[in-house]
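A.B. asks: Before I ask anything, here is the structure I am working with.
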Amino acid sequence: MHIKVFTTGGTIDKVYFDARSDYEIGDPQIVDILRDVGVQAEVEVETLMRKDSLDLTDDDRTLIAEHVHADACPRILITHGTDTMAATARALGDVNGKTIVLVGSLSPARFKGSDAEFNIGFALAAVQTLPEGVYVAMNGLVFPAEGVRKNRPANRFEGETYQAPVSM
C-alpha cells in the first residue's frame with residue numbers, strides 16, 4: 001500500500017540549540033523514524049514547509065490543501081504542529097476518495113520519552129484502515145476533523161462535544 005506523507009514542521013521536528021536555549025524546526029523526523037523501526041509500507045515523503053503551527057497562515061493551509069487534493073495517492077499522512085492541527089484538518093474540506101490523517105507530537109521526536117514515534121506508528125496504521133475522510137490521530141485516539149480540538153491546559157486532544165473516538 002502506497003502512503004504519501006506531507007511534512008509541515010511543528011514540535012515533532014523541533015531541534016534544541018543549547019547555546020541559544022532555543023528550538024527551531026529541523027529536518028522531518030518521520031523519515032528516520034520510519035526507517036529505524038523498519039516500516040514495510042511504501043511511503044513517499046514530501047516537505048511542504050518547516051513551521052511551528054502557531055506561525056501557519058490561511059495561505060499555508062490553502063497550500064497544504066492544494067497538495068492534498070492534487071496528489072493522486074488515496075492515503076495521506078500529514079505531520080503537523082499540535083496547536084493548530086485541528087484548524088488545518090478542518091481546512092482540508094471535502095476529500096472524496098481519500099483518507100487523510102494529521103499527526104504530531106507534544107514533545108520533539110529527538111527527545112527521549114517523546115510521544116512522536118508512537119503517534120507516527122498509530123497514525124500510519126490509522127491511514128491504512130480508516131474510511132475516507134479527514135482525521136486527527138494523537139496519543140492512541142482518532143478524531144474526525146470536524147469534531148476535534150486541542151485542550152491546551154490538559155495537553156491532549158478531545159472531541160469538541162463528547163463523542164466516542166473513531167473505531168479502527
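A.B. asks: With +1 on each Lys and Arg Cβ and -1 on each Asp and Glu Cβ, how big is the dipole of the chain about its Cα centre, in debye rounded to the nearest 20?
C.D. replies: 400
A.B. asks: Taking the beta-carbon count within 10 Å as an exposure proxy, list Ile30, Ile25, Ile12 from fewest neighbours to most.
C.D. replies: Sorted ascending by nearby Cβ count, the order is Ile25, Ile30, Ile12.
A.B. asks: If you place +1 on the Cβ of every Lys and Arg and -1 on the Cβ of every Asp and Glu, how big does the dipole about the Cα centre of segment 83-168 come out, in debye to the nearest 20?
C.D. replies: 280
A.B. asks: Mind checking which of Ala70, Ser105, Met49 is farthest towards the positive end of the chain's charge dipole, using Cβ charges of +1 (Lys, Arg) and -1 (Asp, Glu) about the Cα centre?
C.D. replies: After comparing all options, I get Ser105.
A.B. asks: Sticking with this one: Among the listed pairs Lys4/Lys150; Lys14/Lys150; Lys4/Lys98; Lys14/Lys112, give every one whose C-alpha distance is greater than 23 Å.
C.D. replies: Lys4/Lys150
A.B. asks: For Rg and Dmax of the Cα atoms in Å, which listed value, (1) 14.7, 48; (2) 15.6, 50; (3) 25.1, 85, comes from the coordinates shown?
C.D. replies: The listed entry that was calculated here is (1).
Coordinate-derived values only; no laboratory data. Note that the structure is a prediction, hence the values are computed from the model and not measured. Note that each Cβ is placed from the backbone with ideal geometry, even for glycine, and that neighbours are counted across all protein chains shown.
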